[in-house]
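Encoded as structure tokens, the structure appears first; notes follow it.
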Amino acid sequence: VHGKWLIGAVIQNPELAAQVDDLDPEDLSQHDQRTWLRAIQTLYRAGRRPDSLTIAEQLTAEGTFEDLGGVHQVMQLVADAPYIAHIDEWKPLIRKAAARRRLDSETLAIGQMINDPTIPTATIKQRLLDAASQLDEGLDPTPHAVIRSIADVASIPLEWLWPGRIPLGKICQVAGDPGLGKSFLTVDIAARVSRGDGWPDNPLFSQSPGSVMIFNSEDDIADTIRPRLESASACLEKIFFVEGVVSFDAKTNKKRSRQFSLDVDLPYLAKWLAETSDARLIIIDPISAYCGSTDTHRNSDVRAMLSPVADLAARHRVAVVCVNHLSKGGGTKAVYRSMGSLAFAAAARAVWSVNRDLDDSERRLLLPAKMNLCKETSGMAYRIVDSRLAWEPSPVQMTADDYLYQEFARSGESDD
């Protein structure tokens, strides 16, 4: 049972992989547990983060994932694992149990030696002492860093879903107060991707139609999202959505449905991406609804959750657009206004802010708050007309920070 708990704990928190790298897989009592641990160690020693997604991919490559129970077993291991802080207490118990099993096997061999009159008593005694000493064995090797030369890393050209605004293979963020049409914006983007259309500031941009996965916990699919997609002339066959995750509760012998969680359910999304060759975009609206047990106010927890999402985006060359609300607290930098940990904005390679025009309550401004991969571009403006976006052709020469300065000034704040 300790082996099962240990594997589940590492899947929950891949940062624990360093603590189990010194454990001999043969010390685990069951073959399937040994296979899980070897996959974790293989990934860790290759410099990859052994989360639920990469472990599933590793075992799939080895041809053993489905035989081990597949995604359901991943979820079961996570569900069965107790508090992960006890992982250092389980390792010596696992080693001790393994030593006892070896001793048991050795005892049978020694029993046969005792019945052999040709074997000296001193030899049998030494064999007994050696077998007993195994109970105290278990030296821990020194942990090591995985270091590679940059020359061993192949260069990959940067690609764009929306040139200068949304890069492929990266996480982006759209942040704004409620009621400003962020969901209308993501629907417009999804519709353009599904049709292969150009962009409002670059209509001649050529792209092939692509599939889109939508996570949306705030709007109803039937009476809100689909009608908006239809108004935006989306190719509905290219748009997919996640209703939730259905699992089996071993305690009640019943199925149960729950919200998709980025910290444990990524293998399901990875499976869809592997089966959908034209996948180009994933929309998560809002990101806070899909964080599961992650503490969204702790930088380390948010980074640990988003890291495999970023790896997944890079591996499949899809853009991930996360929608976030703004906190009520002020600040002079727009990038600090996103709700939750700063790690949400830090992980995003591009952050866009949706704001209400201070002089026109019906006009919305899409303004750059952060851009890591190219020179910061101009903003854009749009209105919501007949349940769809109507973009203005002229750029908006303002950043999200500029907007905040103006907003503070009009609210009576001093320029300082």
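Here is a yes/no grid of residues against (1) open to solvent by 40 Å² or more (accessible area, probe 1.4 Å); (2) aliphatic (A, V, I, L, M); (3) without any contact (Cβ under 8 Å) to a residue 12 or more places away in the chain:
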{"residue": "Gln12", "(1), (2), (3)": "yes, no, no"}
{"residue": "Gln19", "(1), (2), (3)": "yes, no, no"}
{"residue": "Asp24", "(1), (2), (3)": "yes, no, no"}
{"residue": "Thr42", "(1), (2), (3)": "yes, no, no"}
{"residue": "Gly47", "(1), (2), (3)": "yes, no, no"}
{"residue": "Ser52", "(1), (2), (3)": "no, no, no"}
{"residue": "Leu68", "(1), (2), (3)": "no, yes, no"}
{"residue": "Val74", "(1), (2), (3)": "no, yes, no"}
{"residue": "Val78", "(1), (2), (3)": "no, yes, no"}
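The requirement of being touching a Ser or Thr at 6+ places or on another chain (Cβ under 9 Å) and open to solvent by 40 Å² or more (accessible area, probe 1.4 Å) is not satisfied by Arg349. Quick one: in the stretch 199-231, of everything that is within 18 Å of Trp160 (Cα to Cα) and within 27 Å of the chain's Cα centre (by Cα), which residue is surrounded by the fewest Cβ atoms within 10 Å (Cβ to Cβ)? Of everything passing the filter in the stretch 199-231, Ser208 is surrounded by the fewest Cβ atoms within 10 Å (Cβ to Cβ).
The one condition from (1) among the aromatic types (Phe, Trp, Tyr); (2) open to solvent by less than 30 Å² (accessible area, probe 1.4 Å); (3) without any contact (Cβ under 8 Å) to a residue 40 or more places away in the chain that Tyr336 does not meet is (2).
Go through the stretch 1-10 and give me each residue that's open to solvent by 50 Å² or more (accessible area, probe 1.4 Å) and either farther than 16 Å from Met75 by Cβ or modelled with pLDDT of 85 or more (or both). Correct list: Val1, His2.
The criterion of at least 2 residues that are within 22 Å of the chain's Cα centre (by Cα) is met, among strands (runs of 3 or more DSSP E) falling completely within the stretch 279-393, by 279-285, 319-324, 350-356, 364-371. Restricting the first member to the stretch 343-365 and to residues that are free of Cβ contacts under 8 Å to residues at least 24 places away in the same chain, and the second to residues that are of a type in the set (A, V, I, L, M) and open to solvent by 50 Å² or more (accessible area, probe 1.4 Å), the beta-carbon pairs closer than 9 Å and six or more apart or on different chains are Glu362/Ile384. Close Cβ contacts (under 7 Å, 6 or more residues apart or on different chains) running from residues in the stretch 285-305 that are aliphatic (A, V, I, L, M) to residues that are in a helix (DSSP H, G or I) comprise Ile287/Phe344; Val302/Ala343; Val302/Phe344; Ala304/Glu15.
Screening the stretch 266-278 for residues that are assigned to a helix (DSSP H, G or I) and not charged (D, E, K, R) and picking the one that is modelled with the lowest pLDDT gives Pro267. Just one of the listed residues (Arg102, Arg148) is basic (Lys, Arg) and at pLDDT 75 or above, and it is Arg148. Consider Arg388 carefully, then state whether it is open to solvent by 30 Å² or more (accessible area, probe 1.4 Å), in contact with a helix residue (DSSP H, G or I) (Cβ under 7 Å, 6 or more places away or on another chain) and over 30 Å from Thr54 (Cβ atoms). Yes, satisfied. A residue that is in contact with a strand residue (DSSP E or B) (Cβ under 6 Å, 6 or more places away or on another chain) and hydrophobic (A, V, I, L, M, F, W, C) occurs somewhere in the stretch 258-268.
Taken over the stretch 250-300, the criterion of being under 21 Å from Ser194 (Cβ atoms) and β-branched (Val, Ile, Thr) is satisfied by Thr276, Ile282, Ile283, Ile284.
Only residues that are closer than 21 Å to Val264 by Cα, in contact with a helix residue (DSSP H, G or I) (Cβ under 7 Å, 6 or more places away or on another chain) and assigned to a loop (DSSP other than H, G, I, E, B) were counted across the stretch 15-53, and they come to 4.
So that you can scan it fast, the table gives a plain yes or no per residue for (1) at pLDDT 85 or above; (2) not β-branched (Val, Ile, Thr):
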{"residue": "Pro25", "(1), (2)": "yes, yes"}
{"residue": "Asp32", "(1), (2)": "yes, yes"}
{"residue": "Thr35", "(1), (2)": "yes, no"}
{"residue": "Thr42", "(1), (2)": "yes, no"}
{"residue": "Arg49", "(1), (2)": "yes, yes"}
{"residue": "Val71", "(1), (2)": "no, no"}
{"residue": "Asp88", "(1), (2)": "no, yes"}
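Against the condition within 17 Å of Ala175 (Cβ to Cβ) and either in contact with a Phe, Trp or Tyr (Cβ under 7 Å, 6 or more places away or on another chain) or exposed (fewer than 15 other Cβ atoms within 10 Å of the Cβ) (or both), how does Arg364 come out, does it pass? Answer is yes for this residue. Take the conditions modelled with pLDDT of 90 or more and more than 28 Å from the chain's Cα centre (by Cα) and apply them to Val396. Does it pass? Here the answer is yes, as Val396 does meet what is asked.
Residues checked against (1) in contact (Cβ under 8 Å) with a residue 24 or more places away in the chain; (2) farther than 22 Å from Trp160 by Cβ:
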| site | (1), (2) |
| --- | --- |
| Glu243 | no, yes |
| Ser247 | yes, yes |
| Lys254 | no, yes |
| Leu262 | yes, yes |
| Glu275 | no, yes |
| Asp278 | yes, no |
| Leu281 | yes, no |
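The values are calculated or read from the model by the stated rules, or taken from the named source; none is laboratory data. This is a predicted model, so every value here is computed, not measured. All Cβ positions, even for glycine, are placed from backbone atoms using ideal geometry, and neighbour counts span all protein chains on display. Surface accessibility is based on the protein's heavy atoms, side chains included, excluding ligands, DNA and RNA. Shrake-Rupley method; radii C 1.70, N 1.55, O 1.52, S 1.80 Å.
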